[in-house]
1. If we keep just the residues of the stretch 146-174 that are touching a residue at least 24 places away in the same chain (Cβ under 8 Å) and more than 20 Å from residue 133 (Cβ to Cβ), which is surrounded by the fewest Cβ atoms within 10 Å (Cβ to Cβ)?
2. May I ask you to verify whether residue 123 is surrounded by 15 or more Cβ atoms within 10 Å (Cβ to Cβ), modelled with pLDDT of 95 or more and of a type in the set (Phe, Trp, Tyr)?
3. Could you run through the stretch 92-145 and say how many residues are over 19 Å from residue 68 (Cα atoms) and either among the hydroxyl-bearing types (Ser, Thr, Tyr) or more than 12 Å from the chain's Cα centre (by Cα) (or both)?
4. Could you please let me know if residue 135 is among the β-branched types (Val, Ile, Thr), farther than 13 Å from residue 77 by Cβ and either in a loop (DSSP other than H, G, I, E, B) or open to solvent by less than 80 Å² (accessible area, probe 1.4 Å) (or both)?
5. Quick test of your reading of the structure: residue 113 fulfils all but one of (1) touching a Pro at 6+ places or on another chain (Cβ under 9 Å); (2) open to solvent by 20 Å² or more (accessible area, probe 1.4 Å). Name the failing condition by number.
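The values are calculated or read from the model by the stated rules, or taken from the named source; none is laboratory data. Treat the numbers as computed from the prediction; the structure is a model and nothing was measured. Here the Cβ positions follow ideal geometry from the backbone for every residue, glycine too, while neighbour counts run over all protein chains shown. Heads up: the accessible areas ignore ligands, DNA and RNA and are worked out on the full protein's heavy atoms, side chains in. Shrake-Rupley method; radii C 1.70, N 1.55, O 1.52, S 1.80 Å.
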Amino acid sequence: KSTLMDLLMGLITTNIYRNDMENFLKRISFRSKCMHVPQSTFLLSGSIFSNISLINFLNTNEDENEALSKAFYYSQLACLDDIVRTKKDLLKPVGENGSLLSGGQKQRISIARALYRESQYLFLDEATSAIDKSTENKLIKNIYENKKDCTIVCISHGKGFDNFADRIINIDQNRLKIME
């Protein structure tokens, strides 16, 4: 499943396109419009804010207060309200690689980071596997209701995304089946 997602994102190419510069440039352009949320994510040792915005690590002209408001908005969409109740809470440290957080909180920070980038395509690879069902359902609903301009591709063993998906493709014994 993850290999299929890598193919969709253009991270893996076939021999057909390997020497084709035009297709290579198209893939680079496409990738710049994508955000990927893997099952396990890497977090920086900084604050929740720096992990969502990456503002300390990217060359950006974004105003810090504006970035803080934007990070707060996406933290709420990602259901981080258990640890982020106010903008000030975004300044809390996460510990080395998120050691002060649960697995579900780490995944939700990673989702907030992807949403913060406001990409055209969002690829979720088992991105909610460590999140309890109630929070997962709220998170999925938030994403689909607030990111209508974004194409979302999701790999999941669970059924949480089924109610919001335009298409469901089942992978069984290396065969793809589009569900009706």
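1. Filtering the stretch 146-174 for residues that are touching a residue at least 24 places away in the same chain (Cβ under 8 Å) and more than 20 Å from residue 133 (Cβ to Cβ), the one surrounded by the fewest Cβ atoms within 10 Å (Cβ to Cβ) comes out as 149.
2. For residue 123, the condition - surrounded by 15 or more Cβ atoms within 10 Å (Cβ to Cβ), modelled with pLDDT of 95 or more and of a type in the set (Phe, Trp, Tyr) - is not met.
3. Qualifying residue count, the stretch 92-145: 26.
4. no
5. Here residue 113 meets the rest and fails (1).
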